[in-house]
Amino acid sequence: MRSYFIRTFGCQMNKHDSERMAGLLEGAGFAPAKSIESADVIVFNTCCVRETADERLYGQVCSLKALKTGGRPDVIIAVGGCVGQRDGASVLKHAPHVDVVFGTHNIHELPSLLEAAERGRPAVSIVGAGESFSSDLPYVREHAWHAWVSIMVGCDNHCAYCVVPSVRGPERSRTVEEIVAEVSHLVADGVVEVTLLGQNVNSYGRDRYGEPRFAALLEAVAATGIRRIRFATSHPKDLSDETIAAMAALPALMPFLHLPVQHGSNRVLAAMNRRYTRETYFQRIAALRAAIPDIALSTDIIVGFPGETEEDFLETLDLVGRVAFDHAFTFIYSPREGTPAASLTETVPREVAQDRFDRLAALVHSLSLASNEREVGAVCECLIEGASRRDAAVLSARTPQNRLVHLPLPDGTSPDSLAGTFRQVRISAAHPWFLSGEFAE
Ligand code: 5AD
Ligand code: SF4
């Protein structure tokens with residue numbers, strides 16, 4: 001049997017798209033390969049949101065040239081996802097040994113493109129955002145106990161720095177009925193946690209029903225009996241009181257929210273076209289904390305956006321300190337071709353941006369550690385995820401607030417037999433990026 005290996009870059013949406021690619025490939029008779037080197041088909045599911053992911057992709061694709069010119073001339077290399085969508089046939093200019101290029105809207109064509117490439121390479125197919133919904137494709141879940149559930153695709157927001165609307169197209173929502181049917185099926189199949197996915201889940205339903213229906217969707221999904229519901233990503237301007245109330249009222253909704261703020265200065269927020277102010281952001285955080293006192297909050301922050309002054313940056317530091325995020329992802333701005341911000345000329349010098357990034361990272365680090373330290377001594381219900389990535393004798397688990405906990409593997413058990421189970425865990429020590437714990441029962 002021929003084998004495949006998929007390397008995924010980027011966001012959760014891409015991870016879920018990779019599960020669909022796996023579903024299609026297994027349907028076409030491929031089996032998962034043990035390693036990238038031994039695979040007959042290698043698929044790169046790519047991300048072009050930031051420069052670094054872009055560079056890493058081309059670095060990795062180029063390093064596979066040796067595989068082809070060495071002993072494996074028949075290996076097929078496919079590039080899909082956001083870079084495929086954006087670059088199309090010009091992927092072949094950067095990497096002439098690539099055999100297949102496809103985009104974000106035609107994942108379903110992957111098996112036929114592979115066949116075409118076997119007959120004579122290369123095979124390139126990119127289509128625009130149409131009616132076809134990749135959410136309808138079969139998928140192979142990475143974990144038996146967790147599923148990503150796509151509730152919508154695309155984004156209508158057009159933040160000035162962001163390439164997503166051009167590679168993922170406008171917002172298109174699935175129906176409530178379709179999503180509920182999928183989650184019910186997953187529950188029957190043993191899934192205990194779903195993550196609802198969309199670029200801007202808070203506006204779910206606006207394109208289909210004329211008004212956002214995210215809060216109603218949360219209620220309907222909770223009624224399936226699923227134990228844990230998470231979702232990503234939220235836009236602060238669309239986070240409604242109804243959504244906050246649903247999060248507070250529904251026990252399956254975990255007390256955790258990723259709410260990207262991007263910047264702390266109103267001037268920069270306006271230039272980014274985010275359409276909220278720091279004051280309204282604070283107000284959303286206050287509403288969340290009033291309704292869900294134990295909520296944990298994470299965010300995304302960009303430094304070095306064109307025109308950002310030291311004063312603007314200090315406002316970011318101030319906002320981050322005031323909100324006291326439990327976790328934050330930090331990025332240095334990188335211009336993306338075709339976005340409105342790419343033409344801005346008042347660029348921030350690299351070393352200035354790096355210095356601001358380092359100062360922000362130090363603050364985020366200290367806030368994460370302080371947040372984790374507050375948990376020491378607490379007992380909470382954790383979902384066991386399996387062996388930790390680094391050490392097979394250590395279990396990884398998640399608290400309701402999405403904190404990662406490492407636990408010693410009990411004697412005579414295997415990580416796989418415990419994955420997907422819920423256990424009471426006592427938190428014994430805090431580290432910047434994870435907690436240590438022990439079973440409390
Ligand atoms: N430069 C730097 N960071 C970016 N992001 C999106 N576009 C860019 C860019 N051009 C960040 C944002 C977003 C996260 C997924 O990536 O913070 O929330
Ligand atoms: Fe990009 Fe803004 Fe849409 Fe998020 S909301 S995907 S940052 S355009």
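The values are calculated or read from the model by the stated rules, or taken from the named source; none is laboratory data. Every value quoted in this text rests on a predicted model; they were computed, and no experiment measured them. No Cβ is skipped: glycine too gets one built from the backbone with ideal geometry, and neighbour counts run over all protein chains shown.
Taking region 23-44 on its own, how many of its residues are under 25 Å from CYS155 (Cβ atoms) and either out of contact with any helix residue (DSSP H, G or I) (no Cβ under 9 Å at 6 or more places or on another chain) or outside any helix (DSSP H, G or I) (or both)?
Qualifying residue count for the region: 3.
Could you tell me which numbered condition ILE126 fails, if it satisfies all but one of (1) under 29 Å from ALA31 (Cβ atoms); (2) modelled with pLDDT of 90 or more?
The number of the failed condition is (2).
Just to be sure, is SER436 among the small types (Gly, Ala, Ser), surrounded by 13 or more Cβ atoms within 10 Å (Cβ to Cβ) and free of Cβ contacts under 8 Å to residues at least 40 places away in the same chain? Can you show your working first?
Values: among the small types (Gly, Ala, Ser): yes; surrounded by 13 or more Cβ atoms within 10 Å (Cβ to Cβ): yes; free of Cβ contacts under 8 Å to residues at least 40 places away in the same chain: yes.
Answer is yes for this residue.
Please work out which one of (1) closer than 29 Å to VAL83 by Cβ; (2) out of contact with any Pro (no Cβ under 7 Å at 6 or more places or on another chain); (3) surrounded by fewer than 20 Cβ atoms within 10 Å (Cβ to Cβ); (4) small (Gly, Ala, Ser) is the condition ALA328 fails and give its number.
(3)
Kindly evaluate GLU219 against the criterion of being acidic (Asp, Glu) and part of a loop (DSSP other than H, G, I, E, B).
No.
Could you pull out the residue among GLU337, GLU346, GLU310, GLU315 that is surrounded by 18 or more Cβ atoms within 10 Å (Cβ to Cβ) and either more than 8 Å from ligand 1 (Cβ to nearest atom) or free of Cβ contacts under 8 Å to residues at least 12 places away in the same chain (or both)?
GLU315
Checking the conditions here, which among VAL194, VAL180 is within 22 Å of the chain's Cα centre (by Cα) and in a helix (DSSP H, G or I)?
Values: VAL194 fails: in a helix (DSSP H, G or I).
Selected residue: VAL180, the only one of VAL194, VAL180 that is within 22 Å of the chain's Cα centre (by Cα) and in a helix (DSSP H, G or I).
Search region 243-270 for residues being assigned to a helix (DSSP H, G or I) and within 22 Å of the chain's Cα centre (by Cα), and hand back the single one that is farthest from HIS327 (Cα to Cα).
It comes out as THR243.
Here's the yes/no breakdown for (1) outside the structural domain of MET247 (by TED's automatic domain parsing); (2) loosely packed, with under 15 Cβ neighbours inside 10 Å; (3) closer than 25 Å to MET247 by Cβ:
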| residue | (1), (2), (3) |
| --- | --- |
| VAL364 | no, no, yes |
| GLY386 | yes, no, no |
| LEU395 | yes, no, no |
| PRO408 | yes, yes, no |
| GLY412 | yes, yes, no |
| GLY420 | yes, no, yes |
| ILE427 | yes, no, yes |
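Any idea which residue in region 307-334 is nearest to ligand 2 (Cβ to nearest atom), counting only those that are under 14 Å from ALA362 (Cα atoms) and in contact with a Ser or Thr (Cβ under 6 Å, 6 or more places away or on another chain)?
Among residues in region 307-334 that are under 14 Å from ALA362 (Cα atoms) and in contact with a Ser or Thr (Cβ under 6 Å, 6 or more places away or on another chain), the one nearest to ligand 2 (Cβ to nearest atom) is ALA328.
Scan (1) more than 16 Å from ligand 2 (Cβ to nearest atom); (2) surrounded by 22 or more Cβ atoms within 10 Å (Cβ to Cβ) for the single condition VAL303 breaks and write down its number.
Going through (1) more than 16 Å from ligand 2 (Cβ to nearest atom); (2) surrounded by 22 or more Cβ atoms within 10 Å (Cβ to Cβ) one by one, VAL303 breaks only (1).
Please find, within region 295-322, the residue that is farthest from PRO260 (Cα to Cα) out of those that are touching a strand residue (DSSP E or B) at 6+ places or on another chain (Cβ under 7 Å) and β-branched (Val, Ile, Thr).
Only one residue fits best here, namely ILE295.
Within the bounds of region 1-12, is there any residue that is farther than 20 Å from ARG168 by Cα, among the aromatic types (Phe, Trp, Tyr) and outside any loop (DSSP other than H, G, I, E, B)?
Checked region 1-12: at least one residue is farther than 20 Å from ARG168 by Cα, among the aromatic types (Phe, Trp, Tyr) and outside any loop (DSSP other than H, G, I, E, B).
Okay, residues lined up against (1) crowded, with 19+ Cβ neighbours inside 10 Å; (2) within 18 Å of VAL163 (Cβ to Cβ):
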| site | (1), (2) |
| --- | --- |
| GLN85 | yes, yes |
| ALA89 | no, no |
| VAL98 | yes, no |
| ILE107 | yes, no |
| ALA117 | yes, no |
| ARG121 | no, no |
